[in-house]
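Below is one structure, written out as structure tokens; comments come after it.
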Amino acid sequence: MGITAIRGFNDILPSEVGKWQFVEKTAREVFEGFGFAEIRIPILERTELFSRGIGEATDIVEKEMYTFTDKGGGSLTLRPEATASMARAYLEHQLYAFDPVAKLYCFGPMFRYERPQKGRYRQFYQIDAEVFGVGNPVVDAEVILMLIHFLRRVGLEKLELQINSLGCRDCRPRYREGLKAFLTEKSFQLCEDCQRRLQTNPLRIFDCKVQTCQEAIADAPKVSDFLCGECDTHFDKVKECLSMANLDYVLNPRMVRGLDYYTRTAFEVVSYDLGSQNAVTGGGRYDNLFQEIGGLDIPGIGFAIGMERLISLLPKDKEFIRYPDLFIAAPGKGTHGEAYRLANQLHLEGIHTEFDYEGKSLKSQMRRADKLKARYVLILGEEEMKKGRAVLRNMADKSQEELPIDNLTGILKNKIGKD
RNA sequence: GUGAGUGUAGCUCAGUCGGAUAGAGCACUGGGUUGUGGCCCCAGUGGUCGAGGGUUCGAGUCCCUUCACUCACCCCA
């Protein structure tokens, strides 16, 4: 093997690309129907954008970013997520001056230096959708509704929507301290990792798989007990709106988000067909992000969908590959040029046509037509060609008919359009 | 960063206790049919046994090192 792709960076081969196009096309249709507009943003940003936006102490910023110094001497980072960049673009171009409310979506690769495993790669693709400028809980529900609607449209079932409220900058620290105090008394029960988490991020202990840690936190206080009045009514309103839309959800008081900027509503959609990395999408509200990166006090909410994870869940029986409409077989040497001429003519008409480049036997050409799953084969026989005619074979039912070559385009368009 | 598993043909995999020229199926090419696909039959192409070192008369097989991939931890989409 010569040069290979680097670890965690994958090629998406033609046989897979149909799925990607389908998912992207569906996302565009659904999101634009909800009033979202596409935005395209760079994949490189100043490192500062992420360290301030995502949070210095997060795993992403601490150890997962692809950061380097460019020739101008500045520190740049391949984006590990899109929200901070989208917020930056919104501020930089003062989109709020036209309308404080911006509903944006974008597609693209993200980069995180992690050990790859099932559903986790160093370059991975996300679909992001964000609403900037609305603090009202109705929009939380609206965003979640759009997300679920999209997931159903691409054919996913057996999904579970989990929601939680993380509180705001007032009540989250209170909860954190409360939890810390509670667990400190039980710290002898905690594993080594959780001893550390107790200091750095006590909320994470909820995720620990160690039996004794689970026992320790079994009757730990919940976020909901600590929410301030405003966060409490906000969350109630979100739940109420979800119910109004007939969306089923599971309250997961243990759900924690890894990025510092999340506040209040947090949600995840998980699938039990995914393996260990079971979140297809995750998101939430981030009312502090804009202040961290720019100063203006603008609320936001959004989600990121993991493309690879989503695509791995797509129904298996669905066909995403486009097969040729026609294969032109030219068994005789004298008919080769005609195959080339005809194929080009048909290409200009948008008819997906293949032909043999190698001058192989008719049998071999037929075999290839079959392998490519061409619907029709046009056989340019020397006998027929002398009369200006050719044989058109329907590969599915084996029927054949002799046709005049000069009228071929019209006839094919008619036939192919029919089914 | 940590742990476990796996590396033999393009793909999926056999390969016994260390023994002779490393196999099968699929795929590919050609033929059986001078001009007709799938099924069948025949033949052919294709290998640095991941790489490097060691033990041995002899290594795909045993040992060491290394690389890659996979899964899991951590964390997240």
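What aspartates and glutamates sit close enough to A:K63 to cross-link, taking a C-alpha to C-alpha distance under 12 Å and skipping anything fewer than 8 places away on the same chain? Of all the aspartates and glutamates, those that pass the test against A:K63 - Cα under 12 Å, at least 8 places apart if same chain - are A:E114. Across region A:95-104, rounded Karplus estimates of 3J(HN,Hα) from the backbone phi angles (6.51 cos²θ - 1.76 cosθ + 1.60, θ = phi - 60°) give 4, 5, 5, 7, 7, x, 8, 10, 10, 10 Hz, Gly and Pro being marked x. Here region A:326-414 is assigned +1 on the Cβ of each Lys and Arg and -1 on the Cβ of each Asp and Glu. Its dipole about the Cα centre then comes out at about 280 debye.
Applying the Karplus relation 6.51 cos²θ - 1.76 cosθ + 1.60 with θ = phi - 60° to region A:240-252 yields 3J(HN,Hα) values of 4, 5, 5, 5, 4, 8, 6, 9, 7, 9, 10, 6, 10 Hz, where x marks Gly and Pro. Modelled spin labels at A:E192 and A:L251, positioned 7 Å past Cα toward Cβ, are 3.8 nm from each other. Per residue, the accessible area of chain A comes to 52 Å², computed with a 1.4 Å probe over protein heavy atoms only. Here's the picture: charge each Lys and Arg Cβ at +1 and each Asp and Glu Cβ at -1 in region A:257-371, and of A:N278, A:T335, A:G300 the one pushed furthest to the positive end of that dipole is A:T335.
Peptides A:170-183, A:373-386 ranked from most to least packed, by the mean per-residue count of other Cβ atoms within 10 Å: A:373-386, A:170-183. Of the listed residues A:I328, A:I416, the order by accessible area with a 1.4 Å probe, largest first, is A:I416, A:I328.
Pull out a ≥ b ≥ c, the square roots of the eigenvalues of the alpha-carbon gyration tensor of region A:326-414, then state rounded if a/c is under 1.5, prolate if not and a/b is larger than b/c, and oblate in the remaining case. The shape class here is rounded. Comparing Cα centroids, region A:70-85 and region A:197-239 end up 33 angstrom apart.
Surface composition of region A:160-237: carbon and sulfur atoms hold 48% of the protein heavy-atom accessible area at a 1.4 Å probe.
Under the convention that each Lys and Arg Cβ holds +1 and each Asp and Glu Cβ holds -1, the size of the dipole of chain A around its Cα centre is about 1220 debye.
Quick check: Cα centre of region A:369-419 to Cα centre of region A:311-333, how many Å? Comparing the Cα centres of region A:369-419 and region A:311-333, I get a distance of 18 Å. Taking region A:29-57 and a reference point 7 angstrom along Cα→Cβ of A:N201, the backbone N atoms nearer than 17 Å belong to A:50-57. Measuring against 27 Å, Cα to Cα, the residue pairs A:K316/A:K363; A:K118/A:K373; A:K19/A:K239; A:K239/A:K318; A:K318/A:K413 contain A:K316/A:K363; A:K118/A:K373; A:K19/A:K239; A:K239/A:K318 as the ones spanning a longer distance.
Would you please state which residues of region A:107-143 a label at A:L296 would reach in this model, taking the label point 7 Å out along Cα→Cβ and a backbone N cut-off of under 12 Å? Counting backbone N atoms under 12 Å from the label point, the list is A:132-134. Judged by the mean number of other Cβ atoms found within 10 Å, the most tightly packed of the peptides A:343-352, A:75-84 leads the ranking A:75-84, A:343-352.
If the chain linking A:T26 and A:A57 were pulled fully straight, counting 0.36 nm for each residue of separation and taking away their Cα-Cα distance, it would gain 7.5 nm.
When a 1.4 Å probe is rolled over the protein heavy atoms, the share of accessible surface on region A:326-414 that falls to carbon and sulfur comes to 49 percent. From its DSSP helices (H runs of at least four residues, each -39,500 (n - 2.57)), chain A gives a residue-normalised ellipticity at 222 nm of -11000 deg cm²/dmol.
Note on exposure: A:F34, A:F355 ranked by accessible area (1.4 Å probe, complete protein assembly) read A:F34, A:F355, with the most exposed listed first.
Full extension of the chain between A:Q211 and A:K413 gives 66.1 nm of extra length, using 0.36 nm per residue less the Cα-Cα distance.
Once the Cβ-Cβ distance of A:M244 and A:T4 is raised to the sixth power relative to R0 = 45 Å, the FRET efficiency obtained is 0.30. Separation of region A:262-301 from region A:1-35 is 22 Å, based on Cα centroids. You can think of it this way: the chain between A:D99 and A:R40 has 19.3 nm of extra reach, that is 0.36 nm per residue less the Cα-Cα gap.
The values are calculated or read from the model by the stated rules, or taken from the named source; none is laboratory data. Model, not experiment: these values are computed from the prediction. Note: ideal-geometry Cβ built from the backbone for every residue, glycine included; neighbour counts use all protein chains shown. In case anyone asks, the SASA skips ligands and DNA or RNA and just uses the protein heavy atoms, side chains included. Shrake-Rupley method; radii C 1.70, N 1.55, O 1.52, S 1.80 Å.
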